[in-house]
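The values are calculated or read from the model by the stated rules, or taken from the named source; none is laboratory data. All values reported here derive from a predicted model rather than from experimental measurement. Here the Cβ is made from the backbone with ideal geometry for all residues, glycine too, and neighbour counts use every protein chain on show. Quick note on the areas: whole protein, heavy atoms, side chains included, nothing else; ligands and nucleic acids left out. Shrake-Rupley method; radii C 1.70, N 1.55, O 1.52, S 1.80 Å.
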Amino acid sequence: AMLCRPPVLCAAPAVMALALCGGLRGFLLPLKCAALGLELSGTVSAFSFSCDLLFVPLSGLLLDHAGRKAAGVASLSGSGAALLLLSSVHSITWLWAAAALLGVGIGLSGGAIFALGSDLAPEDETSRSKFLGW
């Protein structure tokens, strides 16, 4: 049982952190490439997005077998580790590793964000569609 009332107050910080990690990727990877003097920002970003895409199905499996909390923790842990790694990268090898880890972390968040949204949405159809942004 949730201890927060309304439950949205408990879930909102986690969902915002997950969404922020996804949004930061498009900014930080090209910025780090430029800081390293590399002209590979499109390739590195595409690689990270590819890792994201590959791990979305695993996100669904994780949600089914371990639950929303486990998926959220795994995603935030992976994304957080990737952002820490990205901040200390000084070579192209570690840049690729950070991009891959960031993609994996964001890929694991895909199902969790949508599951939490549908769990927290109001019961009646009109309110539900407004809550989910439809």
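Name the residue, out of A99, A112, that is modelled with pLDDT of 95 or more, closer than 17 Å to A82 by Cβ and surrounded by 19 or more Cβ atoms within 10 Å (Cβ to Cβ).
On the way: A112 fails: modelled with pLDDT of 95 or more.
Answer to the check: A99.
So which of S75, S45, S91 is in contact with a Gly (Cβ under 6 Å, 6 or more places away or on another chain) and open to solvent by less than 60 Å² (accessible area, probe 1.4 Å)?
Values: S45 fails: in contact with a Gly (Cβ under 6 Å, 6 or more places away or on another chain); S91 fails: in contact with a Gly (Cβ under 6 Å, 6 or more places away or on another chain).
After ruling out the rest, the residue left standing is S75.
One line per residue, one yes/no per condition, for (1) among the aromatic types (F, W, Y); (2) more than 26 Å from L31 (Cα to Cα); (3) out of contact with any Asp or Glu (no Cβ under 6 Å at 6 or more places or on another chain):
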residue: A70; (1), (2), (3): no, yes, yes
residue: S75; (1), (2), (3): no, no, yes
residue: L102; (1), (2), (3): no, no, yes
residue: F114; (1), (2), (3): yes, yes, yes
residue: L120; (1), (2), (3): no, yes, yes
residue: E125; (1), (2), (3): no, yes, yes
Next on the checklist: Tell me whether the range 79-86 contains one or more residues that are among the hydroxyl-bearing types (S, T, Y), over 30 Å from E123 (Cβ atoms), out of contact with any Pro (no Cβ under 9 Å at 6 or more places or on another chain) and open to solvent by 50 Å² or more (accessible area, probe 1.4 Å).
Outcome noted: no
Next on the checklist: If I ask for residues that are outside any loop (DSSP other than H, G, I, E, B), open to solvent by 40 Å² or more (accessible area, probe 1.4 Å) and more than 14 Å from V8 (Cβ to Cβ), which ones from the range 122-134 would you list?
Outcome noted: E125, T126
